[in-house]
Amino acid sequence: ALIAKLVQSFHTDGAPFDHIAILFRTNAPARSLEEYLQKESIPVSRLTAPEASARTCCAALLSLLRLVSDENDNAAFLAVLCAAPDRSRPRADDLSALEKEASSRSISFWDAVGDGGLALEISTARLLVNKLQTA
């Protein structure tokens, strides 16, 4: 009931239903919630994990969630950076400097950015994840 109330609240505040997502690790709880939401006249569209991963926005969100849960996940860190709009993506030489810095000190990309001195675009990704972790 709480999730349905939250979805209705987001929708009432102006979010279209197709802009609201609920993520599940497994299908079992998703089925019962899907039925409940439909009873509450909330439209539901379910994507399987492979379908969601194929969508750029979903893949970026999943990478961001991986990064929030594990700051040492360099692949997730790069995926988040590369999912940015073209104008704010880090340049190849910035990524090269990041990889060199992290490798030379045997630290994660996250920690290399946290130490400062790297491109602003990369630091911006770290700020975003910090906000998500404290939310």
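Nothing in this text is a laboratory measurement; each read-out follows from the coordinates by a stated rule. Remember, predicted model here, so these are calculated numbers, not experimental data. When we count neighbours, we look across all protein chains shown, and the Cβ atoms used for this are built from the backbone with ideal geometry, even at glycine.
Annotations
- FRET efficiency for Ile3 and Ala92, using Cβ-Cβ distance with R0 set to 35 Å, rounded to 0.05: 0.25
- Projected onto planes of every orientation and averaged, the convex hull of the alpha-carbon atoms in region 28-110 covers 7.4 nm².
- In plain terms, the chain from Asp13 to Glu99 could stretch by 26.7 nm, reckoned as 0.36 nm per residue minus the Cα-Cα distance.
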